[in-house]
């Protein structure tokens, strides 16, 4: 049987907090150019395209992650037979920006990385989790998910994966 697998979501955190808004873009019909995406978001929320582009550029340059949480996962990874997979609903553009910005000390923590743009499907779709389980050769009962969104954890639980919302229980 495959390894014990921990699926985790790390949400990048801006160094400075900005007002939040939500924009869902269908991954299959994703926009190829950032300008088109900014125009769509600006139209939906009443922003100026240039202002939105400036905010996103600033966010890309200031995003960080929770170093303490990463330390917890590095410690868990020391257990024989445990693999850690990073799962994230993230666009290709943002993924590459983070790959460039965050050093190998971050990325080397993970045995597998599953960004939604590569899979063509987003969490909480069951297709997303089935793909991850197949790719990691993990049995659902030997897999644990940590995510800050209840709907993502519930979807994984429906496949027999164990899990928790947030990371507070692990620290």
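The values are calculated or read from the model by the stated rules, or taken from the named source; none is laboratory data. All figures in this text were calculated on a predicted structure; none of them were measured in a lab. Note that each Cβ is placed from the backbone with ideal geometry, even for glycine, and that neighbours are counted across all protein chains shown.
Which of the residues that make up region 134-151 are in a helix (DSSP H, G or I), more than 16 Å from the chain's Cα centre (by Cα) and more than 20 Å from residue 70 (Cβ to Cβ)?
Once the filter is applied, which keeps residues that are in a helix (DSSP H, G or I), more than 16 Å from the chain's Cα centre (by Cα) and more than 20 Å from residue 70 (Cβ to Cβ), region 134-151 yields 134, 135, 140, 141, 142.
Which of (1) within 13 Å of the chain's Cα centre (by Cα); (2) under 28 Å from residue 37 (Cα atoms); (3) free of Cβ contacts under 8 Å to residues at least 40 places away in the same chain is the odd one out, the single condition residue 65 does not satisfy?
All conditions pass for residue 65, except number (3).
Which of the residues spanning region 117-133 are under 25 Å from residue 66 (Cβ atoms) and touching a helix residue (DSSP H, G or I) at 6+ places or on another chain (Cβ under 7 Å)?
Matches in region 117-133: 117, 119, 122, 123, 124, 128, 129.
Between residues in region 139-163 that are without any contact (Cβ under 8 Å) to a residue 24 or more places away in the chain and on the phi > 0 side of the Ramachandran plot and residues that are loosely packed, with under 13 Cβ neighbours inside 10 Å and not in a loop (DSSP other than H, G, I, E, B), which pairs lie under 9 Å by C-beta distance while being six or more apart or on different chains?
Here the result reads 160/141, each pair linking region 139-163 to a residue that is loosely packed, with under 13 Cβ neighbours inside 10 Å and not in a loop (DSSP other than H, G, I, E, B).
Against the definition (surrounded by fewer than 17 Cβ atoms within 10 Å (Cβ to Cβ) and over 23 Å from residue 63 (Cβ atoms)), how does residue 163 come out, yes or no?
So residue 163 does not fit the description; no.
On the given criteria, is residue 122 at pLDDT 90 or above and in a loop (DSSP other than H, G, I, E, B)?
Criteria met by residue 122.
Tally up the residues in region 80-94 that are touching a residue at least 40 places away in the same chain (Cβ under 8 Å) and surrounded by fewer than 13 Cβ atoms within 10 Å (Cβ to Cβ), please.
Qualifying residue count for the region: 1.
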